[in-house]
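A.B. asks: Okay, here's the structure, questions in a sec.
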């Protein structure tokens with residue numbers, strides 16, 4: 001089973017969806033083989049990296065809300081995160097451009113560390129209040145996740161993996177993705193948004209059953225046909 005996940009590191013529902021997916025995968029039979037791949041999606045490609053927490057102000061402006069209404073919005077998300085075992089601190093979140101972080105994540109994928117880096121980046125933004133648009137912060141988090149320090153520094157100094165990020169974003173638009181998280185299972189099923197864990201449970205169970213069930217056939221015989229077996233052939 002292969003699961004492709006389009007997400008952004010500053011997206012709270014991407015982190016919630018990630019955790020619910022992991023819980024659903026853990027509920028599958030022990031011998032179930034599941035591969036997942038995180039793909040790039042920037043919610044705001046033109047975002048300017050800020051230097052201090054002001055997520056509430058940004059949300060109020062974006063959705064034409066008062067500051068108090070914006071805080072109420074985030075309090076609901078914090079409660080939903082808590083139900084999935086996560087801690088969100090929106091009063092500490094620093095709005096940032098995530099393009100360089102996505103480039104480093106593509107390098108991490110080549111090193112077999114994309115899951116670790118994705119977890120590290122999301123936690124840094126939504127729980128720890130770190131600036132994911134800052135090159136030094138990205139560097140420190142990537143090294144903590146197990147990537148080679150010199151290699152990470154080289155990626156950040158260059159434009160490496162720019163095309164990889166852009167290709168995945170183009171692919172998302174071609175698939176009709178309008179928001180994240182967006183999950184594609186075996187290129188056959190899609191789940192949009194941080195659905196309840198039960199939805200992930202049902203989807204993965206269905207796919208697993210399809211992959212492990214004995215094929216059944218619909219007979220097209222018009223009459224009994226002659227056959228041969230180990231014991232001989234029909235007369």
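A.B. asks: Of the conditions (1) over 30 Å from residue 76 (Cα atoms); (2) surrounded by 15 or more Cβ atoms within 10 Å (Cβ to Cβ); (3) out of contact with any strand residue (DSSP E or B) (no Cβ under 9 Å at 6 or more places or on another chain), residue 205 satisfies every one except a single condition; which number is it?
C.D. replies: Status for residue 205: all satisfied but (1).
A.B. asks: If you don't mind, another one. Can you tell me which residues in region 91-145 are out of contact with any helix residue (DSSP H, G or I) (no Cβ under 6 Å at 6 or more places or on another chain) and on the phi > 0 side of the Ramachandran plot?
C.D. replies: Answer for region 91-145, where residues must be out of contact with any helix residue (DSSP H, G or I) (no Cβ under 6 Å at 6 or more places or on another chain) and on the phi > 0 side of the Ramachandran plot: just 112.
A.B. asks: Could you list all residues from region 175-185 that are touching a helix residue (DSSP H, G or I) at 6+ places or on another chain (Cβ under 6 Å) and either assigned to a strand (DSSP E or B) or over 20 Å from residue 101 (Cβ atoms) (or both)?
C.D. replies: First, pick out the residues of region 175-185 that are touching a helix residue (DSSP H, G or I) at 6+ places or on another chain (Cβ under 6 Å): 180-181, 185.
Residue satisfying the conditions is 185 alone.
A.B. asks: If a residue has to be free of Cβ contacts under 8 Å to residues at least 60 places away in the same chain and outside any loop (DSSP other than H, G, I, E, B) to count, how many in region 1-31 make the cut?
C.D. replies: Keep residues of region 1-31 that are free of Cβ contacts under 8 Å to residues at least 60 places away in the same chain, which gives 22, 26, 30-31.
If we keep only those that are outside any loop (DSSP other than H, G, I, E, B) as well, we get 22, 26.
The qualifying residues number 2.
A.B. asks: Out of all the residues in region 154-174, which are surrounded by 14 or more Cβ atoms within 10 Å (Cβ to Cβ) and outside any helix (DSSP H, G or I)?
C.D. replies: Once the filter is applied, which keeps residues that are surrounded by 14 or more Cβ atoms within 10 Å (Cβ to Cβ) and outside any helix (DSSP H, G or I), region 154-174 yields 160, 161.
A.B. asks: Output the residue which, of all residues in region 32-53 that are in a loop (DSSP other than H, G, I, E, B) and in contact with a strand residue (DSSP E or B) (Cβ under 8 Å, 6 or more places away or on another chain), is modelled with the lowest pLDDT.
C.D. replies: Narrowing region 32-53 to residues in a loop (DSSP other than H, G, I, E, B): 32-34, 41-53.
Now restrict to residues that are in contact with a strand residue (DSSP E or B) (Cβ under 8 Å, 6 or more places away or on another chain): 34, 41.
Details: 34: 95, 41: 98.
Going through the qualifying residues, I end up with 34.
A.B. asks: Of all residues in region 186-235, how many are part of a strand (DSSP E or B) and farther than 16 Å from residue 14 by Cβ? Outline the logic, then answer.
C.D. replies: Here is the first cut: in region 186-235, the ones part of a strand (DSSP E or B) are 189-192, 228-229, 232-233.
In the following step, the residues that additionally are farther than 16 Å from residue 14 by Cβ were identified as 189, 228-229, 232-233.
The total comes to 5.
The values are calculated or read from the model by the stated rules, or taken from the named source; none is laboratory data. What you see is a predicted model, and the numbers here were worked out from it, not measured in a lab. Please note: Cβ atoms are built from the backbone with ideal geometry, for glycine as well, and neighbour counts cover all protein chains shown.
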